[in-house]
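The structure appears below as C-alpha cells.
What follows draws every value from the coordinates through simple rules; no lab data is involved. Remember, it's a predicted structure, so these values are computed and weren't measured experimentally. Backbone-built Cβ (ideal geometry, glycine too); neighbour counts: all protein chains shown.
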Amino acid sequence: MTLDAMKPGQECEILDITAEGIVGQRLMDMGFIPGARVKMVRNAPLVDPVEFLMKGCHISLRHSEAKKVEVKPL
Amino acid sequence: MSDSKKLIVAVAGQPNSGKSTIFNMLTGARQHVANYPGVTVEKKTGSFRLKEDRVELIDLPGTHSLTSYTQEERIARDFLLNERPAVVVNVVDASNLERNLYLTFQLAEMEIPLVVNLNMMDVAEKRGQKIDIENLSRQLGAPVVPTVGNRGKGKKELKEAILATSKEQQATSFQIDYGETLEPALNSLEKVLSEDTGFSARYPLRWLAVKLMENDKEAQRLVREYSKKSGIILRLAEEKREAFARDQGGSPEKIIAVRRHQEAQRIVETCVTCRKDIPGTLTDRIDQVVCNRYMGPIILAATIYLIYELAIVQGYNITAYTWPVLAWSRDLIASLLPSEGFISDPFFRSMPLWVTDGTIAVLNYVPIFLILFALIAILEDTGYMARMAFILDRIFRYFGLHGQSVLPMVIGGLYVGGCAIPGVMACRAMKDEKARIATIMIVPLMNCLAKVPFYVLLIGIFFTAYKGVTMFFIATITIIIALSVAKILSLTVLRKKESAPFVMDMPPYHLPTIRGVLGRCLERTWLFVKKIITIVIVVSVIVYVLIYFPGISKERKSCYMNQADQAIQTFFKKIGKDNPYAPLLAGDKSTSFATYWGDYKKARMGAKGKEAKESIDQNFREKNFEFFKIVKRGKYTVEGKAIKDKYAARIYKAYKKLDKKRNRLRREQKEETIINSFMGRAGRFMEPLTKWAGFNWRINIALMSAFAAKESSVATLGGIYQSRPGEKEETLEKRMKEKEKGWTALHVLAIMLFMAMYPPCIPTLLMVRLETGSTKWMLFATFYPIVLGIIIAVLVFTGGNLLGLSGMQAMIAFYILALIFLVLMGLIKEEPEFT
C-alpha cells in the first residue's frame with residue numbers, strides 16, 4: 001500500500017520511494033527513506049494535506065506526494 | 001585596521017535550527033540586509049572583530065539539504081562553492097541532531113573548514129538528551145561548540161572555534177562511506193575529474209562525483225562549462241548511473257540519501273543518550289486542537305481576524321496619533337518654502353508640498369507596518385504559520401496558490417482595508433516559486449485602505465439604501481476575481497515556473513522572544529521606508545508635472561489676475577482710507593496676514609471645548625496683537641476691559657469676502673489647470689473609449705491620478721467637482737451628485753469595480769519588482785489589472801445597459817457570473833510538473 005492510504009494513528013514502515021526528481025529528493029531529504037518508520041497523525045480539516053510523525057518530527061505532505069511512498073503497515 | 005585580514009565566514013543550517021539567533025549573537029547590531037544577486041532571497045551579512053581579524057559573517061538560507069532543486073539550496077551551495085569562505089559554521093538543533101546531521105555531512109563534503117555549532121542545548125537537556133560532545137567532534141572531524149543562542153551562551157567559545165579553524169584551514173576528514181555499490185563509481189569519477197588539474201583545484205572532487213551520481217543538473221553544468229574533459233566525465237557519470245540503476249534496481253540518489261540518514265542515526269546512537277522519542281508532547285497536544293477538523297478552521301479564522309483587527313484597525317487608529325507629527329513636519333517644510341501667492345502659488349512651493357504630501361501619505365502607514373511585521377514574526381517564530389498553510393492548502397491549491405498565500409492576502413486586504421506593500425513583502429516566506437509569483441500578482445487586487453474612501457464616497461451617493469450589501473459585494477467580489485486570476489495565471493504565464501513539493505516541516509511550537517520579534521519587525525519596516533521613500537519622491541514629481549503642466553494660457557492667467565486685483569481694490573475701498581489697520585495689510589504684509597488668518601481658522605476648527613479655544617486665542621494674541629484684533633472681529637479685551645473696535649470689525653467683514661473670492665479664484669484656476677494638463681487631456685482623449693465603461697473624463701482624471709497613490713483619487717475628485725460660484729460650500733458627495741445628474745447606479749458600479757481591479761500603487765509596484773526580481777513582472781502587475789478592470793467595467797456597464805438592469809440587479813448578476821467562473825476555474829485540474 002502507499003502512504004496516502006494510511007489511517008490516523010496507523011504506523012508503517014517505508015519500503016520504497018517511487019517519486020523521481022524534486023519530489024523524491026525532497027522526501028528523502030526529509031527522512032522518508034526505505035526502512036524508516038512513519039506514523040500517520042491526522043488529515044488536515046479538508047482532508048488534504050496529511051501530517052506524519054517521523055523520528056519526533058512532524059511533517060506534512062499532500063496526498064499526491066504521499067502516494068509516491070510505498071509502505072508496509074506495522 | 002588596514003593590515004587586518006578579512007575573514008569570510010558563512011553560517012549554514014536547517015530551518016528552525018536557530019540559525020538567525022546565532023547570527024545575531026555573533027554580529028550584534030552590525031548587520032546589513034540585501035538580496036543575493038539576481039534573486040529575491042534575503043542575504044544578511046554582519047561583521048565582528050576576532051582578535052586582529054575582521055570577520056564578515058554571511059547568513060546562508062536555511063535548507064534541509066544542498067541539492068540544486070530549490071533556489072535557497074542553490075544559493076547556499078553556490079556561495080560555498082564559489083566564495084570559498086574560510087569557515088562554515090553549521091548551526092545544528094541539538095535536540096534534533098539526527099535530522100540536522102544530514103546537512104552537516106553535505107557541508108563536510110564541500111571541503112570547507114567546518115565548525116559544528118550545537119545550538120538549543122537547553123531544549124535538548126530539557127528532553128533528557130545527553131550529548132557526548134567530544135565523541136561527536138572526533139567522529140565528525142570538526143570542532144563542536146554547544147550554545148544556547150537566545151541567551152547568548154557559548155558565544156565566546158564559538159568565536160574561538162571559528163578563529164582556530166580559520167587558522168588551520170583544514171577541511172574535515174570526515175567522509176560518508178556510500179557502500180560497495182557506489183564507492184567504486186565515485187572513485188573512478190573522482191579520478192577522471194582530477195585529471196584536469198585546473199578544474200580539480202577549484203572544486204571539491206568527491207562532492208562533485210557524488211553530485212554527478214545524483215544526476216545533479218548544476219553539477220553537470222559546472223563540469224560542462226569549466227572542465228576540459230567534460231565530455232568524458234559526463235559520459236562516464238551517465239554510464240555509472242545506468243549501471244547502478246540496472247544492478248541495484250534504484251537510483252543512486254536513493255542510496256546516497258539512505259546512507260546519509262543511516263550514518264546520522266549511527267552517530268546519534270553513539271553520541272546521544274536519552275529518553276527517546278518524547279519530544280513535542282506539548283506541541284502534540286496543541287496540534288490536536290489547532291489542526292482539529294472543527295476547531296482548526298475556527299482558530300484560524302480567529303487568528304486572521306485578530307491580525308486584521310490589531311494591525312489594520314488598531315494600527316489605523318494609531319495613525320491618528322502619528323499623523324499630527326507628520327502634519328507638523330509638513331507645516332515646517334511649508335514654512336521654509338516661498339510663501340503662497342494670492343491666487344496661485346510659486347512652483348517651488350506647490351511642487352515640494354505635493355511631494356511632501358505624497359511621502360507622508362505613505363509614511364502615515366508606518367504604524368500599521370510595524371504591527372503587521374511584528375505579528376508576522378510572531379506567527380513565524382511560534383510555528384503557527386506552518387499550521388495555517390496546513391489547514392488552508394487544499395482550498396488555495398485549487399487556484400494554483402499555496403496554503404501560505406492566505407497571509408499575504410489578509411495583509412493586502414482580504415476583507416476591507418489592508419495594504420498591498422507588506423502583503424507583497426509577506427510572500428517572501430513562500431517556497432513554491434510558482435504559487436509565490438501568483439500570490440504577488442493577486443495581492444494588489446485586494447481592497448487596500450486607500451481604496452476604501454473611494455468606495456465610501458461612491459456608495460454614499462448612489463447606493464445609500466444598500467450600503468452594507470454593496471460593501472460586502474465589493475469586499476468579496478475581489479476575492480472571487482483574485483482567485484480566478486491566480487488560476488488563469490498559473491495555467492498560462494506561470495505554467496513554466498518552478499513549483500515546489502508541499503513537503504513541509506511542522507516545527508514544534510515555541511515562544512517567540514521579544515528581541516527576535518522586535519528586531520525583525522524594525523528591520524523590515526526600515527527596509528521598506530528606505531526603499532520606498534526615494535522612489536515615491538521621484539514618481540510624485542512626475543505626476544505633479546502631468547497634473548499641473550502645461551498650465552493655462554497667459555490670457556487666462558491675466559484674466560484671473562485682474563479678477564484678483566479687482567477684489568483687492570474692492571477690499572481697500574470697503575475698509576476706507578482712514579482705517580488705521582490699512583497699512584498693516586498693504587503690499588507684502590498682506591501675505592503674513594493671510595497666513596495668520598488661515599492658521600487661526602485652522603486652529604479654531606480643530607479645537608474642541610471652550611478652554612482649548614481660549615488657549616488658542618491667547619496664543620494668537622501673543623503672536624500678533626494687531627492681527628488678533630481683526631480676526632476677533634474687533635471684539636477683544638485690553639487689561640480686562642472689553643473693547644469694540646469698529647475699524648477692525650470692518651476689516652474683518654471685508655477680508656472675509658475677499659478670502660472667499662480668493663479661494664474661489666484659486667479653485668477655478670486649479671480646475672482649469674488640471675483640465676488643461678497632460679493628464680486632463682489624456683482623460684478627455686480617452687472619453688470616447690471609456691464611455692463604454694461609464695467613465696467620463698472627470699473620472700478618467702481621478703482614476704489616473706490614483707496611480708501615484710490611491711488616496712489622491714478622492715482629493716482629485718474634490719478638486720474637479722468644485723462648488724459653483726456663489727453657492728454654499730457643499731460636501732463632495734452633494735457636489736458630485738449635482739454635477740453628474742445623468743449617472744445611474746450602473747455608472748458607479750462600473751467605476752467601483754474598476755477601482756477594485758486598479759493597478760497597484762507605485763510603492764507596491766516597487767515591492768513587486770523587488771520580490772520578483774524582475775521588471776517584466778512589475779510591468780505585468782501594472783497592466784493586467786487595467787485590462788481586466790476595463791473588461792469588467794464594460795461588461796457591467798454596457799452589458800447592464802443592454803439588458804436594462806438596475807444597479808443592484810447588475811451587481812447580483814455579475815456576482816453570480818463571477819462565482820460560476822470561479823468554480824469552473826477551480827475544477828480545471830492542474831497536475832504539478834516537476835523537473
(request) In Å and from the alpha-carbon atoms only, list the Rg and Dmax of region B:325-383. (result) 17.9, 61
(message) How much length would be gained if the chain were fully extended between B:T181 and B:K497, taking 0.36 nm per residue of separation minus their Cα-Cα distance, in nm to one decimal?
(response) 110.1 nm
(request) If a/c stays under 1.5 just call it rounded; otherwise compare a/b with b/c (prolate if a/b is bigger, oblate if not). Do that for region B:6-168, with a ≥ b ≥ c from the square roots of the Cα gyration tensor eigenvalues. (result) rounded
(request) In Å and from the alpha-carbon atoms only, list the Rg and Dmax of region B:183-273. (result) 14.8, 50
(request) Give me D for region B:486-571 in µm² s⁻¹, whole number, from Stokes-Einstein with Rh from the Kirkwood sum over alpha-carbon pairs, 20 °C and 1.002 mPa s. (result) 104 µm²/s
(request) Pull out the extension gain between B:S592 and B:N562, defined as 0.36 nm times the separation in residues minus the alpha carbon to alpha carbon distance; nm, one decimal. (result) 8.6 nm
(message) Greater than 18 Å separation of Cα atoms is the criterion. Which listed pairs, B:K613/B:K657; B:K431/B:K496; B:K554/B:K670; B:K19/B:K217; B:K211/B:K240; B:K601/B:K635, meet it?
(response) B:K613/B:K657; B:K19/B:K217
(message) I need two numbers for region B:554-669: Rg to one decimal and Dmax as a whole number, Cα atoms only, in Å.
(response) 15.6, 53
(request) Within the set of other residues whose C-beta is less than 14 Å from the C-beta of B:F244, count the net charge using Lys and Arg as +1 and Asp and Glu as -1. (result) -3
(request) Restricting to region B:50-202, compute how many DSSP beta bridges are antiparallel as a %, nearest 5. (result) 20 percent
(request) With θ set to phi - 60°, apply the Karplus curve 6.51 cos²θ - 1.76 cosθ + 1.60 along region A:20-33 and write out the HN-Hα couplings as whole Hz, x wherever there is a Gly or Pro. (result) 9, x, 5, 5, x, 4, 5, 4, 5, 4, 7, x, 7, 10
(request) Take the protein assembly as shown, compute every pairwise Cα distance, and split them into 10 Å bins from 0; I just need the percent in each bin. (result) 2, 10, 17, 19, 16, 12, 10, 7, 4, 2, 0, 0
(message) As I understand it, the value is the acute angle between the Cα axis of helix B:514-548 and the longest principal axis of the Cα atoms of chain B; what does it come to in degrees, rounded to 10?
(response) 50 degrees
(message) Translational diffusion coefficient of region B:247-353 at 20 °C, 1.002 mPa s, Stokes-Einstein with Kirkwood Rh over Cα pairs, in µm²/s as a whole number.
(response) 98 µm²/s
(request) Return the loop-located trypsin sites (Lys or Arg not before Pro) in region B:246-275 (DSSP other than H, G, I, E, B) with at most 14 other Cβ atoms within 10 Å of their own Cβ; answer none if there are none. (result) B:R275
(request) Report relative contact order for region A:3-73 in percent, whole number only (criteria: Cα-Cα under 8 Å, sequence separation at least 6). (result) 42 percent
(message) Please compute, for peptide B:284-292, the average count of beta-carbon atoms on other protein chains lying within 10 Å of each residue's beta-carbon.
(response) 2
(request) Calculate the length of the line joining the C-alpha centroid of region B:80-130 to that of region B:175-240, in whole Å. (result) 25 Å
(request) With only Lys, Arg, Asp and Glu charged, each at its Cβ (+1 for the first two, -1 for the last two), find how big the charge dipole of chain B is about the Cα centre; round to the nearest 20 debye. (result) 4340 debye
(message) For the protein assembly as shown, give me the percentage of DSSP beta bridges that are antiparallel, rounded to the nearest 5 percent.
(response) 65 percent
(message) Apply the a/c threshold of 1.5 to the C-alpha gyration tensor of region B:39-120 and tell me whether it is rounded, prolate or oblate.
(response) oblate
(request) Please work out how much length the chain gains when fully extended from B:K217 to B:Y321, using 0.36 nm per residue of separation minus the C-alpha to C-alpha distance, in nm with one decimal. (result) 31.9 nm
(message) If you filter region B:471-562 for trypsin sites (Lys or Arg not before Pro), then keep DSSP loop positions with at most 11 other Cβ within 10 Å, what is left?
(response) B:K496
(request) Just tell me the longest site-free run in chain B, where the sites are GluC sites (Glu not before Pro) in a DSSP loop having at most 11 other beta-carbon atoms within 10 Å. (result) B:181-638
(request) Return the average number of partner chain Cβ atoms within 10 angstrom of each residue Cβ along peptide B:94-101. (result) 2
(request) Working from the alpha-carbon coordinates of chain B, get Rg over Rh, Rh being the Kirkwood radius. (result) 1.07
(message) Bins of 5 Å, beginning at zero and ending with the bin holding the largest distance: percent of Cα pairs per bin for region B:215-256, please.
(response) 5, 23, 26, 21, 14, 8, 1
(request) Would you calculate, for the protein assembly as shown, the mean residue ellipticity at 222 nm contributed by helices, counting each DSSP H stretch of 4 or more residues as -39,500 (n - 2.57) and dividing by all residues, to the nearest 500? (result) -19500 deg cm²/dmol
(request) Starting from region B:750-835, pick out the trypsin sites (Lys or Arg not before Pro) whose DSSP state is loop and whose Cβ has at most 15 other Cβ atoms within 10 Å. (result) B:K829
(message) Taking R0 as 30 Å, what FRET efficiency do you get between B:E611 and B:A642 from their Cβ-Cβ distance, rounded to the nearest 0.05?
(response) 0.90
(request) Using every pair of alpha-carbon atoms in region A:3-73, split the distances into 10 Å bins beginning at 0 and state the percent of pairs per bin, rounded to integers. (result) 23, 62, 15
(request) Measure nothing but the geometry: give the 0 to 90° angle between the long axis through the Cα atoms of B:467-491 and the longest principal axis through the Cα atoms of chain B, rounded to 10°. (result) 40 degrees
